[in-house]
Amino acid sequence: MLLSNTPKNRAGVLVLLTDRPHPQCWGTNEVKPVTPSDAAQWIRQAVQLGWQPQLPGITFEVRIAGLFMEKI
């Protein structure tokens, strides 16, 4: 999931790498969709890890595994 900036906004970029299988992944029968509440929780966690969305041009990448998130 990529939360990106727009030309008008120029906010920081948050890249979320999840452990959730995508329907187009080869060899998986399990799909667990990302819900809006998942995204909201991950954004809050990223801010706690140091993501500052108001800083222009900064890309902040995190990996999500279950309930845990780490900056990469």
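Rule-based calculations on the coordinates, nothing more; no lab input. These numbers come from a predicted model, not from an experiment. Don't worry about glycine lacking a Cβ; one is built from the backbone with ideal geometry, like all the others, and counts go over all protein chains shown.
Quick look at the values:
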| quantity | calculated |
| --- | --- |
| Per-residue Cβ neighbour rank within 10 angstrom, fewest leading, Ile43, Ile64 | Ile43, Ile64 |
| Chymotrypsin sites (Phe, Trp or Tyr not before Pro) restricted to DSSP loop in the range 20-61 with at most 16 other C-beta within 10 Å | Trp26 |
| Surrounding net charge for Ile72, when Lys and Arg each add one and Asp and Glu each subtract one, Cβ distance under 9 Å | 0 |
| Footprinting exposure proxy for Leu16, Leu55 (fewest neighbouring C-beta atoms within 10 Å first) | Leu55, Leu16 |
| Antiparallel DSSP beta bridges within the chain, as percent of all bridges there, nearest 5 | 55 |
| Highest-MSF residue in the chain out of Gln41, Gln52, Gln24 [GNM, Cα springs under 10 Å] | Gln24 |
| Projected label distance in nm at Val15 and Ala65, using a 7 Å step from Cα toward the beta-carbon | 1.9 |
| Label of the coordinate-derived value, Rg and Dmax of the Cα atoms in Å, listed as (i) 15.4, 48; (ii) 13.3, 40; (iii) 17.4, 59 | (ii) |
| Cα long-axis angle, helix 36-49 against the chain (0 to 90 degrees, to the nearest 10) | 50 |
| Ranking of Val62, Val34 by count of other Cβ atoms within 10 Å, fewest first | Val34, Val62 |
